[in-house]
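The values are calculated or read from the model by the stated rules, or taken from the named source; none is laboratory data. Predicted model, so just to flag it, every value in this text is computed and none were measured. Positions of Cβ are generated from backbone atoms using ideal geometry, with glycine treated the same way; all protein chains shown enter the neighbour counts.
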Amino acid sequence: MHRLLARLCADRALAVVRAPVIADAAALCRAVSAGGIGLLELTFTTPDLATHLARAAAVAGELDACVGAGTVLTADDARRALDAGAQFLVTPAITPDAGAIVRAGHDAGAVVFLGALTPSEVHAALAAGADAVKIFPAGIGGPRYLADLLGPFPGTRLLPSGGVGTETGAAFLAAGAFAVCAGSSVLAPADVVAGDWSRITTNVRAFRTALQSPTA
């Protein structure tokens, strides 16, 4: 297993930041790591993403953390993210460039999570070579839907994102998720913009603690 996947399996969580501005990407990476999550996804919906990725990646090594790019839509997005230091790539859907994104990531030694929702899309993601499949928006179907998806795709690494919060994360893990995404309900955009790193650490730690529930 790729070391990044092993880390994700150990943490059971990936932190996703979707904010209009990132006050300090290095400090953000430190805050998330201090809360107990070692994988940080910054998305292309944030302007000047490459700069933020590079700043976070510069401190990730000392934190034993990994930084990746989300909302990767094209092969060009993938290459720009990888050049900036991304160690994993995440798409929101099966885009026309899905295969090229996987190839670019793998050629660089990165892992790739392709986004899907339906069984057909999960199949397409696996056929394209995804290392794991992000189920988005997972909140629509909830843990039961994710468990049903594993029926025809046993052993598939499913990573629910969107609508996964402190109250539901453990239930998704109990349903068979490989790991879960901690999104805006945990890493509030307003906190990222304001640079409220202590609050982010507190919220991330609470999310990780909730994942230790007996239901997980």
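When the residues of segment 58-70 are filtered to those that are free of Cβ contacts under 8 Å to residues at least 40 places away in the same chain and buried (at least 17 other Cβ atoms within 10 Å of the Cβ), which remaining residue is farthest from Ile101 (Cα to Cα)?
Checking each candidate, the answer is Leu63.
Please find, among Gly99, Gly109, Gly105, Gly85, the residue that is over 23 Å from Arg157 (Cα atoms), modelled with pLDDT of 95 or more and either over 11 Å from the mean Cα position of the chain (by Cα) or surrounded by fewer than 17 Cβ atoms within 10 Å (Cβ to Cβ) (or both).
Gly85
Would you mind telling me which numbered condition in (1) surrounded by fewer than 20 Cβ atoms within 10 Å (Cβ to Cβ); (2) over 22 Å from Leu114 (Cα atoms); (3) not aliphatic (A, V, I, L, M) Ser33 fails?
(1)
Can you pull out every residue in segment 1-53 that is in a helix (DSSP H, G or I), of a type in the set (Val, Ile, Thr) and free of Cβ contacts under 8 Å to residues at least 40 places away in the same chain?
Thr51
Quick one: in segment 37-48, of everything that is surrounded by fewer than 23 Cβ atoms within 10 Å (Cβ to Cβ) and out of contact with any Asp or Glu (no Cβ under 7 Å at 6 or more places or on another chain), which residue is nearest to Thr91 (Cα to Cα)?
Thr43
From the list Ala170, Ala190, which residue is surrounded by fewer than 16 Cβ atoms within 10 Å (Cβ to Cβ) and modelled with pLDDT of 95 or more?
Ala190
All but one of (1) closer than 25 Å to Leu40 by Cβ; (2) exposed (fewer than 15 other Cβ atoms within 10 Å of the Cβ) hold for Ala138, so report the exception by its number.
The number of the failed condition is (2).
Which condition number does Leu146 fail, the rest of (1) touching a Lys or Arg at 6+ places or on another chain (Cβ under 8 Å); (2) surrounded by 18 or more Cβ atoms within 10 Å (Cβ to Cβ) being met?
Condition not satisfied by Leu146: (1).
What are the residues in segment 9-27 that are at pLDDT 95 or above, within 20 Å of Val180 (Cβ to Cβ) and hydrophobic (A, V, I, L, M, F, W, C), if any?
Within segment 9-27, Ala13, Leu14, Ala15, Val16, Val17, Ala19 qualify.
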